[in-house]
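The values are calculated or read from the model by the stated rules, or taken from the named source; none is laboratory data. Source: prediction; values computed, not measured. Cβ: placed from backbone, ideal geometry, glycine included. Neighbour counts: every protein chain shown.
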């Protein structure tokens, strides 16, 4: 059975997190990222443990109301390894992997660049990197 990522971009506006798109329109994000198990292993230790795997942090305490309701209604029982990553943190990892290519296989770096593309498409320069994040979880 395969494992899929479900990811959503949020932006902080007036101290409130809001989703960049309707949570029901997430299919475009999956089609960009696909089943990149190397990336899943890096983001949350899912399907492929790595020495540099990031810990699954759970859903953020201040998750947007719309995304939280969607998660509870549609995924609460079937989702696992929920987490989030800020755009500025993502950029640091891309730089680190670029400067130290022996640290990672190409699949992780290409996946991080794909996620950066998602941010770029939803951000359009309106939000600072610390006010943009991707919330995600996995299913089997």
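Observations on the model:
- Unique match (being in a helix (DSSP H, G or I), within 21 Å of residue 18 (Cβ to Cβ) and at pLDDT below 80) among 68, 116: 116
- Given (1) closer than 20 Å to residue 19 by Cα; (2) surrounded by 13 or more Cβ atoms within 10 Å (Cβ to Cβ); (3) modelled with pLDDT of 90 or more, number of the condition residue 80 does not satisfy: (1)
- Filter pass, residue 61 being more than 18 Å from residue 116 (Cα to Cα), out of contact with any strand residue (DSSP E or B) (no Cβ under 6 Å at 6 or more places or on another chain) and at pLDDT below 85: no
- Once region 1-32 is narrowed to residues that are part of a helix (DSSP H, G or I) and touching a helix residue (DSSP H, G or I) at 6+ places or on another chain (Cβ under 9 Å), the residue that is modelled with the lowest pLDDT is 28.
The rows are residues; the columns are (1) closer than 18 Å to residue 138 by Cβ; (2) in contact with a helix residue (DSSP H, G or I) (Cβ under 6 Å, 6 or more places away or on another chain); (3) surrounded by fewer than 16 Cβ atoms within 10 Å (Cβ to Cβ).
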{"site": "42", "(1), (2), (3)": "yes, yes, no"}
{"site": "47", "(1), (2), (3)": "yes, yes, no"}
{"site": "52", "(1), (2), (3)": "no, no, yes"}
{"site": "55", "(1), (2), (3)": "yes, no, yes"}
{"site": "61", "(1), (2), (3)": "no, no, yes"}
{"site": "64", "(1), (2), (3)": "no, no, no"}
{"site": "84", "(1), (2), (3)": "yes, no, no"}
{"site": "96", "(1), (2), (3)": "no, no, yes"}
